[in-house]
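Here is the structure we will look at.
The values are calculated or read from the model by the stated rules, or taken from the named source; none is laboratory data. Just so it is clear, the model here is predicted, and its values are computed rather than measured. Here the Cβ is made from the backbone with ideal geometry for all residues, glycine too, and neighbour counts use every protein chain on show. Protein only, heavy atoms only, side chains kept; ligands, DNA and RNA dropped before computing areas. Shrake-Rupley method; radii C 1.70, N 1.55, O 1.52, S 1.80 Å.
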Amino acid sequence: MLDKTFDPKTAEPRLYEAWERSGGFAPVDDPNAEPFSIVIPPPNVTGSLHIGHALNNTLQDVLIRFERMRGKAALWLPGTDHAGIATQMVVERQLAEAGNRSRRDMGREEFVAKVWEWKAKSGGTIVNQLRRLGASCDWSRERFTLDEGLSNAVRKVFVTLYKQKLIYRDKRLVNWDPHFQTAISDLEVEQREVDGHYWHFAYPLEDGSGEIIVATTRPETMLADTAVAVHPKDQRYTAVIGKAVRLPIVNRPIPIIADEYPDPEKGSGAVKITPAHDFNDFQVGKRHNLPVINILDDFARLNDNAPPEYRGLDRFAARKKVIEQFEALGLLREVEKTRHTVPHGDRSGVVVEPYLTDQWYVAADVLAKPAIEAVEQGKTVFVPKNWEKTYFEWMRNIQPWCVSRQLWWGHRIPAWYGPDGKAFVEETEAEAKRQAEEHYGRPTDLKQDEDVLDTWFSSGLWPFSTLGWPEKTDDLARFYPTHTLITGFDIIFFWVARMMMQGLHFTGEVPFKRVFINALVRDATGAKMSKSKGNVMDPLEMVDDYGADALRFTLTAMSGQARDIKLSRQRIEGYRNFGTKLWTAPRSCQINGCARAAGFDPATVKAPLNRWIVGETTRTAQSVTAALAGCGFGDASETLYRFIWNQFCDWYVEFAKPLLTGADEAAKAETQATTAWALDVILKLLHPVMPFITEELWAQTADLGAPRAETGFLMTARFPELSSDLIDPAADAEIALLIAAITEGRSVRQELNVPASAQPALLVVETSDAQRRVLTENAPLVARLLRVSEVRFVEVAPEGSIPFVVEGATLALPVAEFIDIAAERARLTKEVASLAGDIAKTAGKLANPDFVARAPEEVVEENRERLADAEAAKAKLEGALARLGAAA
RNA sequence: GGGCGGCUAGCUCAGCUGGUUAGAGCACCUCGUUUACACCGAGGGGGUCGGGGGUUCGAAUCCCUCGCCGCCCA
């Protein structure tokens, strides 16, 4: 006999280990099996599993388990991302805490060695946490973005793009993070709205004829101004265009230029132009050939281009000093409060500077074109589809992608420079040297580029680099393009778009046929989970408390498309209870001798009850299959929940008891076999979502009756495929009548406070012949579930019996001695009122000639039937009400 | 400023290719230890589907508009 409850704590690790050891996570070898592949969104190697990972990976696992059970060669390829900035940050912090020398003191080689050391020790954390969730990844194929194969792919891609002139070096303004002293891409910049000020400064005209007012939120940049711009049509300034102002503090004359950029409606209409420290001003400067004066260093301190008293000052200290000086000079005209957006580094959190440096860029606009077309043509589809709009929007306005980072942890850029600065971009240093020798005519020392690549550069290759590209491997041929990518919308730009661009460019094929965008997990109040808010829910704690299956079911059930998921413990607890419900059902079946019968065929069962459950099981299997095939995770889990709890447990198992304990041996045997069959189907259907508990039940019921055709793990058993021929509408109708009669009867009993221990007869007053037959044949079942002594057919309901109407049949309970007339009157009055409301509504519809004329015939007919039924029922209950009045 | 999503029972959500009496879980109230399950069973109360307008025989569902709330991009 099964234990009373399932114990996830002991069973989950045991089952996972057994699965992993069996090799069942790897795709089957069968060359005829259709390949189905998913690559994991590689979590940062520094990461630990948060609830978002739990959701994302649960859905991937549900899908991969489903397709594996459908007989496909299912590959879920796992791995981690080296996460340049994040990892460097973590290790630097740890070194500092341990009192080590700083990264700079240590030097590049030693520091990078330390990071690898850290990775070897702590880098496996998240991967092991995925195991606790039940993730059936093929760990034998696990990859890391910095491992050798992937690094080869990165170099190959970089060199190829360079030679195709799609990667180039350029000097322009980048987003500079002064905390990490590196460039970052546009996407890594977070625009934050903050309170600030507009400082209105007066710049005196060079000829002494007056002044011009400019306003800025960043006073310190005035030290690098090289012009003042006004709109050419702004009549206030027509006269001064071409003149100069003398820049205060710096004491340098700068021109007043005419440009479309200033908005005459805003402020004074005149704008200071600082090409080196503002993206818009940089463009203006280009148009007018203005000098570009950079006054900052890598740490955003003022450099030697600033007046001597400013040199070495932090940018914010310099701001303060500039304002003070303007005030002292009498040139500060106004200080206006404002709210404006300020760019911050998403990792460092510090204000990012537009900063003029040499960086490597990818011509993303060229790569984007085929990536846009592929989605337009449906080669890759987004689910839900509306995310395509987001994708298109960004891709159609894509900017050059800055891919170099001034970090040490990452793929070092394969560019080597000669003494004259000429770059040799090759896959190996040896090849670069060879090229250099050819170029210079003699062996020449080269110096490799110090920078590394943006982490997303290598992640963008993930779907094919992990499969062995650029080698022509079997895996690549078999599993690329991958089938489905499951990820969050927050990385559509960072990752999905880049994979599309690089995948198409280097393999000629889309990297995945379908992208499922999963929701964002929030706390129970809808706030984004964050450490600082202290509202993070640790998935591992949930696994500890409720088991992985409960968490998985919760996440699956709540993964409605494009929605936030507000997660609460209560919900997880509810699904833990569902697991227990499932666990205990086979105990009931065992008690009653249910066991698999050799050669059982669900098509041949005779008893309506069994025909009904076979049909319902079939419907469920079909609907779950369709849902999962289309990433309808929520639908699939809801269907399973309802079927298992509300049909199988609530009705079938209860209905089966009289048959299982009755005298009809044939019916008994059939029911025992059907129950066992249905249970096995249920375990299979539920397995992708709740793998642990179903696998354990599968094992524990293995020797119940005839051996299963399938040996081994449930994980690799075949997902049910059941034909609609198994659905029998006649059986459905019979069971529906029984359910309705019992439900109504119970309702009557409880509303009238008939004691649970009382066992009156159920009187059948008026029925069709078919209904009469069903009620006769199932009398023991009705008696048991409605707690009545017998089912008796009578001509008229006796005085004081309580009538109720079910599907046109009139039934009654002779419980006069228990009831309170007032309660019964109230019940009948309520019923009659409800029917009257329905009648009024339906009759109204039918009285409308337009409705009868225009609505489809079946809808009209349905309404006619409803009206007739309701009127009949109402008449019967009104009769009862009248008799009650007479009796009282 | 542009775009997307949401607003349905006290809470969290489903329903939204228009057509039974708008559903579920949790919470709440009542009853119940009947041979799987109290992590349970049975019954019940609770919603003018954000406001307004329109299309239609018929709107939670389609269209317009307004109002909040959230997110993304500039």
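Select, from A:Lys684, A:Lys657, A:Lys668, the only residue that is under 19 Å from A:Thr617 (Cβ atoms), open to solvent by 10 Å² or more (accessible area, probe 1.4 Å) and within 16 Å of RNA strand B (Cβ to nearest atom).
Just one listed residue meets the conditions, A:Lys657.
When A:Thr701 is evaluated against the numbered criteria (1) within 14 Å of RNA strand B (Cβ to nearest atom); (2) surrounded by fewer than 17 Cβ atoms within 10 Å (Cβ to Cβ); (3) not aliphatic (A, V, I, L, M), which criterion, by number, is the only one it fails?
A:Thr701 satisfies every listed condition except (2).
Of the conditions (1) among the small types (Gly, Ala, Ser); (2) surrounded by fewer than 16 Cβ atoms within 10 Å (Cβ to Cβ); (3) not in a loop (DSSP other than H, G, I, E, B), A:Gly615 fails just one. Which one is it?
(2)
Please enumerate the residues belonging to the range A:481-509 that are in contact (Cβ under 8 Å) with a residue 12 or more places away in the chain, over 28 Å from A:Glu190 (Cβ atoms) and surrounded by fewer than 24 Cβ atoms within 10 Å (Cβ to Cβ).
Once the filter is applied, which keeps residues that are in contact (Cβ under 8 Å) with a residue 12 or more places away in the chain, over 28 Å from A:Glu190 (Cβ atoms) and surrounded by fewer than 24 Cβ atoms within 10 Å (Cβ to Cβ), the range A:481-509 yields A:Pro481, A:His483, A:Thr484, A:Leu504, A:His505, A:Phe506, A:Thr507, A:Glu509.
Residues of the range A:621-635 being away from RNA strand B (no atom under 12 Å from the Cβ), crowded, with 20+ Cβ neighbours inside 10 Å and either more than 40 Å from the chain's Cα centre (by Cα) or more than 26 Å from A:Leu2 (Cα to Cα) (or both), which ones?
The answer is A:Val624, A:Leu628, A:Cys631.
Report the residue count in the range A:149-205 for those that are in a strand (DSSP E or B), within 16 Å of RNA strand B (Cβ to nearest atom), farther than 30 Å from A:Gly269 by Cβ and not aliphatic (A, V, I, L, M).
So the count comes out to 1.
Scanning the range A:833-854 for residues that are in a helix (DSSP H, G or I) and of a type in the set (S, T, N, Q), which turns out least open to solvent (accessible area, probe 1.4 Å)?
A:Thr842
Just to be sure I understand the filter: pairs with C-beta atoms under 9 Å, separated by 6 or more residues or on different chains, first member in the range A:385-398 and closer than 19 Å to A:Arg514 by Cα, second member open to solvent by 40 Å² or more (accessible area, probe 1.4 Å) and within 6 Å of RNA strand B (Cβ to nearest atom). Which pairs pass?
Correct list of pairs: A:Asn386/A:Ala562; A:Trp387/A:Ala562.
List every residue pair whose Cβ atoms sit under 6 Å apart, with the two residues 6 or more apart in sequence or on different chains, where the first one lies in the range A:829-849 and is farther than 10 Å from A:Ala870 by Cα and the second, anywhere, is within 8 Å of RNA strand B (Cβ to nearest atom).
Note: pairs meeting the criteria are A:Lys845/A:Phe851; A:Lys845/A:Asn863; A:Leu846/A:Asn863.
Assuming A:Asp820 fulfils every condition listed in (1) over 30 Å from A:Ala667 (Cα atoms); (2) touching a residue at least 60 places away in the same chain (Cβ under 8 Å); (3) under 53 Å from the mean Cα position of the chain (by Cα) apart from one, which condition is it?
(3)
Can you find even one residue in the range A:817-832 that is aromatic (Phe, Trp, Tyr), surrounded by 14 or more Cβ atoms within 10 Å (Cβ to Cβ) and within 11 Å of RNA strand B (Cβ to nearest atom)?
No, the range A:817-832 contains no residue that is aromatic (Phe, Trp, Tyr), surrounded by 14 or more Cβ atoms within 10 Å (Cβ to Cβ) and within 11 Å of RNA strand B (Cβ to nearest atom).
Given the options A:Ser559, A:Ser532, A:Ser568, name the one that is at pLDDT below 90, open to solvent by 50 Å² or more (accessible area, probe 1.4 Å) and farther than 24 Å from A:Glu616 by Cα.
Only one candidate passes the filter, namely A:Ser532.
Output the qualifying pairs, or none if there are none: Cβ atoms under 7 angstrom, residues six or more apart or on different chains, first residue in the range A:739-750 and without any contact (Cβ under 8 Å) to a residue 60 or more places away in the chain, second residue more than 6 Å from RNA strand B (Cβ to nearest atom).
A:Ile742/A:Val782; A:Ile742/A:Leu785; A:Ile742/A:Leu786; A:Arg746/A:Leu786
For the structure I just gave you, tell me whether A:Thr455 is more than 24 Å from A:Ile85 (Cα to Cα) and surrounded by 13 or more Cβ atoms within 10 Å (Cβ to Cβ).
Spelling it out, it is not the case that A:Thr455 is more than 24 Å from A:Ile85 (Cα to Cα) and surrounded by 13 or more Cβ atoms within 10 Å (Cβ to Cβ).
A:Ile492 is checked against (1) part of a helix (DSSP H, G or I); (2) modelled with pLDDT of 90 or more and fails just one. What number does that condition carry?
So the condition that A:Ile492 fails would be (2).
Can you name the condition, by its number, that A:Tyr203 falls short on among (1) crowded, with 22+ Cβ neighbours inside 10 Å; (2) closer than 29 Å to A:Gly349 by Cα?
(2)
Looking at A:Glu393, is it in a helix (DSSP H, G or I) and either at pLDDT below 90 or touching a strand residue (DSSP E or B) at 6+ places or on another chain (Cβ under 8 Å) (or both)?
yes
Does any residue in the range A:175-194 that is within 20 Å of A:Gly410 (Cα to Cα) and open to solvent by 30 Å² or more (accessible area, probe 1.4 Å) come within less than 7 Å, Cβ to Cβ, of a residue that is in a strand (DSSP E or B) and at pLDDT below 85 six or more places away or on a different chain, and which pairs are these?
Final answer for the pair search is none.
Working only within the range A:363-396, note down all residues that are basic (Lys, Arg) and within 13 Å of RNA strand B (Cβ to nearest atom).
A:Lys385, A:Lys389, A:Arg396
Looking at (1) assigned to a loop (DSSP other than H, G, I, E, B); (2) surrounded by 15 or more Cβ atoms within 10 Å (Cβ to Cβ), can you tell me which one A:Pro798 breaks?
(2)
Would you pick out the residues in the range A:143-172 that are open to solvent by 50 Å² or more (accessible area, probe 1.4 Å) and aromatic (Phe, Trp, Tyr)?
A:Tyr162, A:Tyr168
Looking at (1) over 43 Å from the mean Cα position of the chain (by Cα); (2) crowded, with 21+ Cβ neighbours inside 10 Å, find the lone condition where A:Ala663 falls short.
Of everything listed in (1) over 43 Å from the mean Cα position of the chain (by Cα); (2) crowded, with 21+ Cβ neighbours inside 10 Å, A:Ala663 misses just condition (2).
Please go through the range A:371-383 and give me each residue that is over 19 Å from A:Phe506 (Cα atoms) and either surrounded by 14 or more Cβ atoms within 10 Å (Cβ to Cβ) or of a type in the set (Val, Ile, Thr) (or both), ordered by number.
Across the range A:371-383, the qualifying residues are A:Val381, A:Phe382, A:Val383.
For the structure I just gave you, tell me whether A:Phe316 is among the hydrophobic types (A, V, I, L, M, F, W, C) and at pLDDT 90 or above.
Taking the combined requirement at face value, the residue satisfies it.
Residue check, A:Val214 against (1) farther than 24 Å from A:Tyr361 by Cβ; (2) open to solvent by 20 Å² or more (accessible area, probe 1.4 Å); (3) away from RNA strand B (no atom under 16 Å from the Cβ); (4) in a strand (DSSP E or B), all met but one. Which one?
(2)
Scanning the range A:586-611 for residues that are in a helix (DSSP H, G or I) and within 16 Å of RNA strand B (Cβ to nearest atom), which turns out farthest from A:Lys4 (Cα to Cα)?
The qualifying residue farthest from A:Lys4 (Cα to Cα) is A:Leu609.
Does A:Val240 qualify as being open to solvent by less than 30 Å² (accessible area, probe 1.4 Å) and hydrophobic (A, V, I, L, M, F, W, C)?
yes
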